[in-house]
Structures are given as structure tokens and as C-alpha cells.
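Asks: Dropping the structure in here first, questions after.
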Amino acid sequence: MPDIKLEDLTASLLAASAHFNAGRHAEAAALADQVRQHLPNSPDALHISGLSRLEMGRTEDALSLLEAAAQAKKSDAGIANSLALARLALGQIDEAAKGLESLARKGKLPAEGLNTLGDCRLRQGDPVKARACFEKALKLNPALDAARVNLGEAFKESGDLQGAIA
């Protein structure tokens with residue numbers, strides 16, 4: 001394999017991230033995979049590659065890559081959230097929740113992660129704990145519409161239709 005400069009790999013990762021953010025998931029995965037050829041344990045390349053595959057519906061592949069990213073960069077909230085989303089997509093609700101719980105206890109889970117944890121709680125049949133997660137997520141990021149919608153669902157699941165409507 002030819003030598004490649006670290007700056008070129010960094011530029012490729014930035015381009016992969018831009019492709020992902022623009023919804024060009026196949027392009028993002030391809031660039032991240034090129035970086036992985038040179039840096040196979042790069043948590044960022046593994047994360048972008050896995051998240052791109054998740055968006056493309058290749059959930060099993062995504063899970064494998066995201067697990068590797070989580071191993072390479074423990075306690076990264078973004079990677080933990082992505083891994084939880086892949087596990088949720090595969091119906092692994094308890095595993096998804098477990099991966100986020102320790103970060104939540106440490107106060108290191110951002111709004112998006114709290115929203116995902118709340119989704120896990122809803123799927124586990126605990127709308128009270130789900131509501132707490134969604135409310136914390138909205139305190140951190142009042143513009144997180146997904147948490148607002150999910151909070152309404154949690155109210156509905158707990159039998160509080162007025163809360164759901166509000």
C-alpha cells in the first residue's frame with residue numbers, strides 16, 4: 001500500500017463527514033473506507049463508515065463497524081449513540097440502553113444520546129423513565145424536535161393525553 005500523508009487522510013475524513021451531513025452516505029462510506037485501509041482502527045473512520053451504512057440500511061455491517069469504533073474510542077458519546085441506534089434498528093433494545101446508561105450516569109450524554117436512551121425506555125415499556133430522558137434532552141437542547149415528539153409519545157404511553165397534546 002502506498003504511503004499517504006496524515007493530512008490527506010484527515011482531509012478525506014473531513015470530506016467523508018461533509019458527504020454524510022449532506023445525505024450522500026455511499027460517498028461518505030467510500031471515503032471512510034479508504035481511510036480505514038491506511039488506519040484500520042481509526043475511530044472516526046469506523047464511525048463515519050458505520051453510521052453511513054446504518055443510513056443505507058446495512059445494519060449488520062454498521063453494527064460491526066460501530067462496535068469497533070466504540071472499542072477504539074471508549075466513552076465517546078457520539079459513537080455510543082450511533083451504536084445504540086444500530087442496536088435499536090436490530091431490535092437489541094436492552095443492549096442499546098446499556099451502552100448509553102453509564103454515560104448518562106456520568107452526565108456525559110448529550111441531548112441526542114438522551115433522546116435515544118429515552119427511546120430505549122419507551123420500547124422497554126417504561127414511559128416514566130423515558131419522559132425523564134426526553135425532558136433532560138430538551139433542557140440541553142430545546143430545539144431537538146425528535147425529543148419533543150418522543151416526549152409527547154411518552155406522555156401518551158403513560159396515559160396522560162393532556163401532557164401529550166401539550
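The values are calculated or read from the model by the stated rules, or taken from the named source; none is laboratory data. Please read these numbers as outputs of a predicted model, since none were measured by experiment. Backbone-built Cβ (ideal geometry, glycine too); neighbour counts: all protein chains shown. These accessible areas exclude ligands, DNA and RNA; they are computed on the full protein's heavy atoms, side chains included. Shrake-Rupley method; radii C 1.70, N 1.55, O 1.52, S 1.80 Å.
Asks: Using the Cα atoms of segment 24-166 to build a convex hull, what is its mean projected area in square nanometres?
Replies: If you wrap the Cα atoms of segment 24-166 in a convex hull and average its projections, you get 8.5 nm².
Asks: Moving on. Hey, which of these cross-link pairs are over 23 Å Cα-Cα: 98/129; 73/129; 129/156?
Replies: Details: 98/129 14 Å; 73/129 28 Å; 129/156 13 Å.
Too far apart for the 23 Å limit: 73/129.
Asks: Of the accessible area of the chain, with the probe set at 1.4 angstrom, what percent is carbon plus sulfur? Don't skip to the end; give the middle numbers.
Replies: Working: 4640 of 9050 Å².
Carbon plus sulfur share of accessible area: 51 percent.
Asks: Report the far tail of the P(r) of segment 106-163, meaning the percent of Cα-Cα pairs longer than 15 Å. Mind showing how you got there, number by number?
Replies: Numbers: 610 of 1653 pairs.
Roughly 37 percent, once rounded to a whole number.
Asks: Report the paramagnetic label zone for residue 55: residues of segment 79-106 whose backbone N is under 19 Å from a point 7 Å from Cα along the Cα-to-Cβ axis.
Replies: Under cut-off, by backbone N: 79-90.
Asks: Further question on the same structure: Highest first, please rank the peptides 13-21, 75-83, 119-127 by the mean number of other Cβ atoms sitting within 10 Å of their residues. Write down the numbers at each step before the final one.
Replies: On the way: 13-21: 17.2, 75-83: 21.2, 119-127: 19.1.
Descending packing order for the listed peptides: 75-83, 119-127, 13-21.
Asks: What does the net charge come to around residue 102 if you take all other residues with beta carbon closer than 11 Å to its beta carbon, with K and R at +1 and D and E at -1?
Replies: After counting each charged neighbour, the total is +4.
Asks: Can I ask one more? Hey, what do the phi angles of segment 68-80 turn into as Karplus ³J(HN,Hα) couplings, whole Hz, using 6.51/-1.76/1.60 and θ = phi - 60°, x for Gly and Pro?
Replies: 5, 5, 5, 5, 6, 9, 4, 6, 8, 5, x, 5, 4
Asks: Still on this structure, please answer the following. Between residue 90 and residue 21, what length in nm is gained on full extension when 0.36 nm per residue of separation is reduced by their alpha carbon distance?
Replies: Numbers: separation 69, 0.36 × 69 = 24.84 nm, distance 2.32 nm.
This chain segment gains 22.5 nm when fully extended.
Asks: Hey, what do the phi angles of segment 16-22 turn into as Karplus ³J(HN,Hα) couplings, whole Hz, using 6.51/-1.76/1.60 and θ = phi - 60°, x for Gly and Pro?
Replies: 4, 5, 5, 4, 4, 5, 8
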